[in-house]
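The values are calculated or read from the model by the stated rules, or taken from the named source; none is laboratory data. From a predicted model like this one, the values you see are computed outputs, not experimental measurements. Heads up, the Cβs are rebuilt from the backbone with ideal geometry, glycines too, and the neighbour counts pull from every protein chain shown. Calculation scope for accessible area: heavy atoms of the full protein, side chains included, ligands and nucleic acids excluded. Shrake-Rupley method; radii C 1.70, N 1.55, O 1.52, S 1.80 Å.
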Amino acid sequence: MIYLDYQATTPLAPEALDAMLPWLGGPGSDGFANPHSPNRAGRAAAAAIEVAREAVAALLPPGGRVIFTSGATEALNMALRGAGKRRLAVSAIEHAAVLDTARAIDPALAVLPVDHDGLVDAAVAIPEGTGMVAVMQVNNEIGTVQPVDALARAAHAMGALFLCDAVQGAGKLAAPAGADLIAVSAHKLYGPKGIGALWVRDGVQVDPLITGGGQEHGARSGTLSPALAAGFGTAARLCVALRDSDAAHVDALWARARGVFAGWTLNGSATARWHGNLSVRVDGLDVARLLSECRSVAISAGSACASGSGRPSHVLRALGLSDRIARTALRIGFGRYTTVEDLEEALAAIRAAASAQGVGPGA
């Protein structure tokens, strides 16, 4: 299998796995200790978590605290529900973790539109009385990079908090410095599944979403996993150390992939985007058939979180595409562990499968 679905999840970095193993508590090890216990083994586990917290914090702006969660969905729920704001404004292309939660809190939710390039206008009108604005840094379906710093300034000018889903950008791009709350997920930056974090700016109050033990300094109850935290921390440190080389590698892969799909239509901005996400479409393509025929290649028709729902992408709809056209889109994602050889083999298979349907250039 050639894996090209990096927006759904990333491969676990070998270094992150190595960091996790001592804390899984195998035979002869006391790494299984509860990090909230006062004994020596527990204190060692707690120390490992704090080391990881510092590493994750290095991905984020100064002047805030990192609260470990089970993932970005919990972090976003904590931010949206815990901040106590009842009038919300979110972009039309947010992840369902933001859109669905925000609608549950505020049935009159203000949805900020995007243009045909998938970008929110930095001067977009935010309704008076809005208490929180939420705009993601990098869209998970089409890869567009939003003007989050400008939008944060606009939110602050009217007295609102700014929440940023940085799941797809963390470890790859500079942190959204103007945000008040930032959600990140380990498994989107070469760490393990099952752990994420909410960064909260100093002075911002967020009530706990989960109570019952007072862990995480009262912010999030529940026993933390030292193994998951250690993997997250190591993955974060690698992202800092390898940011430039990762970006250069992805840019080279992007150039090759764009060349192969030069005759296909790019979804979203050609310039304001993360190059590890290639979302393209071509008239007449039966995506379900293509995915079935390209069984040796892992790609996606859209968000993994919405796959199987049968619903057309709300992101592509927000760009003004019809449901019919939206259903012809493919998302191809690559990153640190994608080789040029694997990419070219996979892209050739995708092009061949499309040509067999009689669609695409050269069909």
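Worth pointing out:
- Between helix 72-82 and the chain there is an angle of about 60 degrees, using the helix long axis and the longest principal axis of the Cα atoms.
- Over the Cα atoms of the chain, the radius of gyration divided by the Kirkwood radius equals 0.99; this is the Rg/Rh ratio.
- FRET efficiency for GLU50 and HIS156, using Cβ-Cβ distance with R0 set to 22 Å, rounded to 0.05: 0.10
- Percent RCO, i.e. relative contact order, over segment 207-301, from Cα pairs under 8 Å lying at least 6 residues apart: 14
- Stretch gain in nm, segment LEU242-THR223, where the contour uses 0.36 nm per residue and the Cα spacing is subtracted: 3.7 nm
- Prolate/oblate/rounded call for segment 174-253, Cα gyration tensor, a/c under 1.5 rounded: oblate
- Cα gyration tensor shape of segment 144-286, rounded if a/c is under 1.5, else prolate or oblate by comparing a/b with b/c: prolate
- Considering only the chain, percent of DSSP beta bridges that pair antiparallel, nearest 5: 60
- Segment 161-223 - percent relative contact order, Cα under 8 Å, separation 6 or more: 22
- Exposure ranking of GLU345, GLU74 by accessible area [1.4 Å probe, largest first]: GLU345, GLU74
- Using a probe of 1.4 Å on the protein chains alone, the accessible area found for ASP342 is around 60 Å².
- Entry comment: accessible area of the chain is 41 Å² per residue, from protein heavy atoms only and a probe of 1.4 Å.
- Theoretical gain in end-to-end length, SER292 to SER355 [0.36 nm per residue, Cα-Cα removed]: 21.2 nm
- Euclidean distance between Cα centres, segment 27-86 to segment 157-236, Å: 8
- The chain, dipole about Cα centre (Lys/Arg Cβ +1, Asp/Glu Cβ -1), debye to the nearest 20: 400
- Computed on the Cα trace of segment 221-308, the radius of gyration divided by the Kirkwood hydrodynamic radius gives Rg/Rh = 1.08.
- Principal-axis tilt of helix 226-260 within the chain, Cα atoms, nearest 10 degrees: 20
- Extension gain, ALA348 back to ASP30 (0.36 nm per residue minus Cα-Cα distance, nm): 109.5 nm
- Of all the options THR234, THR339, THR69, the one that moves most in a Gaussian network model of the chain with Cα springs shorter than 10 angstrom is THR339.
- Exposure ranking of GLU94, GLU54, GLU344 by accessible area [1.4 Å probe, largest first]: GLU54, GLU344, GLU94
- Calculated FRET value between ARG311 and TYR337, using beta carbons and R₀ = 45 Å, to 0.05: 0.90
- Computed on protein heavy atoms with a 1.4 Å probe, the accessible areas place TRP274, TRP199 in the order TRP274, TRP199, largest first.
- Loop exposure criterion: trypsin sites (Lys or Arg not before Pro), DSSP state outside H, G, I, E and B, at most 14 other Cβ atoms within 10 Å. Applied to the chain, the longest stretch between such sites is 87-294.
- Anisotropy class of segment 18-106 from Cα gyration tensor, a/c 1.5 cut: prolate
- Separation in nanometres of the label points that stand 7 Å from Cα toward Cβ, at ALA272 and ARG40: 5.7
- Counting only alpha carbon atoms, the long axis of helix 148-157 and the longest principal axis of the chain meet at about 60°.
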